[in-house]
Amino acid sequence: MDVSQILDDLVAEQQSLDDIVSPLRPDQWLLPTPSPGWTVADQLAHLAYFDGTAALAIVDPAAFDEAMKRLLGADPAGPSDALTLGAFRTMTPDELLAAWRANRVDLAAAGATLDDATRVAWYGPSMGAKSFLTARLMEAWAHGQDIVDTISMNGGSINGGSMNGGSMNGGSMTREPTDRLRHIAQLGFITRGWTYLNRGLDVPEVPVRVALTSPSGDTWNFGADTTSDATESIVGPAVDFCLVTTQRRHVDDTALVVTGSSARDWMEKAQLFAGPPTTGPPPTRNLR
């Protein structure tokens, strides 16, 4: 895909999340989510903040660099929630939603100026335009998953009991996966090495074949193909691979079939996003 197609998918993913959060009751914005210390509102505030700085990074790299230095230099341990979320925590849900929407519009307009060869400054090394927009799509989907999980765990009902971006099923909120997940699946695959380097570990040399079933029923193959000598593999639904690599599910709570010790180790450590190494959720069921 070229950068314009990824931008279109980013905008669609953001709108899907908008359709989910728009009908929420005021009390649901205050529910605690799987991210410690973060409410549903904080999840959206995180997206609002970084969608805004992403737009700034594209249109005014110098201004972004100054803002990044202030943010990262405020605390040697890293930016606190007060710096990234503080202003949004004073907003009502309607104000927060409006702020996120405004920053999304700015990001979409800025993203439309990119081409495939553009590099964008970010927190750390610069990123190619396609990777940059893919990362924003991944964030929208992953933080959206936290919100969906939270509403589901707390009864699932919303204003009127229905929504456009998600659905109610037996009292739980669900979100239908789309083929936009291909961007996240590819990111999850190519960051296998990052998962280990980020932990100060050697990157395994054992090839792992990844074959994922897309929401539309196609097969997405990454890495060693089916005719190679690869003896290790990860096979199953693309949505499950995305949930594991974004650390929203433990591999044992998915339908992924993992063959080989290196493949298993990767799925237990997988981290496709930047930042210090973190550990995903423990399994709620034990298949081993």
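A few points about this structure:
- Net charge, Y196 excluded, C-beta distance under 13 Å - Lys, Arg +1, Asp, Glu -1: -1
- Förster radius 22 Å - calculated FRET efficiency between R199 and S261 (Cβ-Cβ, nearest 0.05): 0.85
- Selected from I190, I58, I147 as most flexible by GNM, with the chain as the system and alpha-carbon contacts under 10 Å: I190
- Rounded to the nearest 20, the Cβ-based charge dipole of the chain about its Cα centre (Lys and Arg +1, Asp and Glu -1) stands at 460 debye.
- Net charge over other residues, Cβ less than 12 angstrom from the Cβ of L31 (K, R count +1; D, E count -1): -3
- Accessible area expressed per residue, the chain, with surrounding protein chains retained (probe 1.4 Å, Å²): 46
- Estimated 222 nm signal from helices in the chain, with DSSP H stretches of n ≥ 4 weighted -39500 (n - 2.57), rounded to 500: -15000 deg cm²/dmol
- Along the axis of the charge dipole computed for the chain (Cβ charges of +1 for Lys and Arg, -1 for Asp and Glu, origin at the Cα centre), the listed residues S152, T118, L181 are led at the positive end by S152.
- For semi-axes √(5λ) of the Cα gyration tensor in Å, computed directly from the structure shown, the correct entry in (1) 28, 20, 19; (2) 45, 18, 15; (3) 29, 24, 19 is (3).
- Helices in the chain that qualify as membrane-span-like (whole DSSP H runs, Cα extent of at least 15 Å along the helix axis, mean Kyte-Doolittle hydropathy of 0.5 or higher) are 40-59.
- A protection proxy built from the mean count of other Cβ atoms within 10 Å ranks the segments 256-266, 6-16, most packed first, as 6-16, 256-266.
- The chain: relative contact order in percent, alpha carbon pairs under 8 Å with at least 6 residues between: 17
- Within the accessible area of the stretch 26-87 (1.4 Å probe), percent carbon and sulfur: 65
- Calculated from backbone phi, Karplus (6.51, -1.76, 1.60) coupling profile of the stretch 212-219 in Hz, x at Gly/Pro: 10, 8, 6, x, 8, x, 6, 10
- Each residue was assigned an accessible area with a 1.4 Å probe, and for L243 the value is about 10 Å².
- In the chain, the DSSP beta bridges split such that about 70 percent are antiparallel, to the nearest 5.
- Net charge over other residues, Cβ less than 12 angstrom from the Cβ of F273 (K, R count +1; D, E count -1): +1
- Listed residues A102, A135, A54, most fluctuating in the chain (Gaussian network, C-alpha, under 10 Å): A102
The values are calculated or read from the model by the stated rules, or taken from the named source; none is laboratory data. As the structure is a prediction and not an experimental result, all values here were calculated from the model. Don't worry about glycine lacking a Cβ; one is built from the backbone with ideal geometry, like all the others, and counts go over all protein chains shown. Areas reflect the complete protein model, heavy atoms only, side chains present, ligands, DNA and RNA absent. Shrake-Rupley method; radii C 1.70, N 1.55, O 1.52, S 1.80 Å.
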